[in-house]
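The structure appears right after this line, and notes come after that.
Please treat every number below as a calculation from the coordinates, not as lab data. Quantities reported herein were computed from a predicted structural model and do not represent experimental measurements. A quick note on method: Cβ atoms are made from the backbone with ideal geometry, for glycine too, and the neighbour counts reach across all protein chains shown.
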Amino acid sequence: MSDNLTDELERLASLRDRGALSDREFEQQKARLLGGGAAVAAAPIASKSHVARNILLACVAIFILLVIISALAGAGGRQTAGTAGDNAAASTASAQPPLPVSAVDLAKAYEDNEAAAQKRYDGRPLLVGGIVTGVDLDITDDPIVLMRGSNQFLDVHADLVDADKPKASDLHKGQTITLLCQAVSEVLSDPMLSDCSFAS
């Protein structure tokens, strides 16, 4: 190896040690100076692995973002269901007498046939009685009352009207309650009641 080549390699090593060159850039320059193909070939392989990892991380991040957007859109759609365009449906629903149903029967109906249950229960107020299994908070920290469904994995979820949300903190597991709810939908077979108030 000539002195000129040695000096140039030492200069490159010094630049790498000071952070002026990355390890990859150092290896590329060293391979160029030495005229070897092995070092040049190694750099793209490492680079491809790094790129693949970054692509995978980006895909995971995009997936998580889409899940969050879907959850927010679903919550927004549920919150606006009783406003603007659906006011006529809500007034029609409130004109009908509420249909009494137990949380267990409601969950069983959705578990057996979601389409039939939605057709039967949608568009009219429901008087739903059941046993509290818990009170969760949604993404905006509003309480969601959970009532025992047809099995341990299938609860009935009830979103309360603003005036009754503070009452959710007084509930406890095992308590029997009755809610008057204006709408019902489903998510993964779980009945989702909305605009619910405690029946007196």
Note, the stretch 100-116: 3J(HN,Hα) by Karplus (6.51, -1.76, 1.60, θ = phi - 60°), whole Hz, Gly/Pro = x, goes x, 7, 7, 4, 5, 5, 5, 5, 5, 4, 5, 5, 6, 7, 4, 5, 5
Based on the alpha-carbon set only, what is the convex hull volume of the stretch 87-198 divided per residue, in Å³? 98
Extension length gain for residue 60 and residue 165 (0.36 nm per residue less Cα distance), in nm, is 34.3 nm
For residue 199, distant residues with modelled amide H under 5 Å away: 178, 179, 180
For residue 102, residues with placed amide H under 5 Å, excluding near neighbours: 129
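Treating only the Cβ of Lys, Arg, Asp and Glu as charged (+1, +1, -1, -1), what charge dipole size does the stretch 87-198 show about its Cα centre? Round to the nearest 20 debye. Write down the numbers at each step before the final one.
Values: 8 positive and 17 negative charges, 87 e Å.
The calculated dipole for the stretch 87-198 is roughly 420 debye.
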